[in-house]
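Following: one structure in structure tokens, then a few remarks.
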């Protein structure tokens, strides 16, 4: 039953954000930027494992990997608005740049002895 609840709650969250964004880009962005998915994942992880160390490692990973994810949100509007790419192409390019940035962040952290 728990996997079904997870799926329904996740789907409801995505649906809510897209519906809110139709009415207000700002409010939709606000709701989407909340760490709701991370918090839900932490709740599920805690309920299933009760492992504080694992939860702390997960939270640390989310912190460090949230930073490179900002590349997508910076590049997407630039590609769409300034350079007039189609949405699918802009999304693919911004996503690719984000993946590269994830790997760069992991290498950067590793050079300082941080393992995620």
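Bear in mind that the values in this text are calculations on the coordinates, not laboratory data. Not measured: the values here are computed from a predicted model. Every residue, glycine as well, gets a Cβ built from its backbone with ideal geometry; the counts of neighbours run over all protein chains shown.
Values for this structure:
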read-out	value
For 46, 83, order by how many other beta-carbon atoms lie within 10 Å, fewest first	83, 46
Residues 112, 58, 15 arranged by fewest to most Cβ contacts within 10 Å	112, 15, 58
Efficiency of FRET between residue 47 and residue 22 - r from beta-carbon atoms, R0 25 angstrom, step 0.05	0.15
Percent RCO, i.e. relative contact order, over region 8-116, from Cα pairs under 8 Å lying at least 6 residues apart	19
Region 58-116, relative contact order in percent, only Cα pairs under 8 angstrom and at least six apart counted	41
Of (i) 103; (ii) 122; (iii) 91, the label for volume of the Cα convex hull per residue in Å³ derived from the coordinates	(ii)
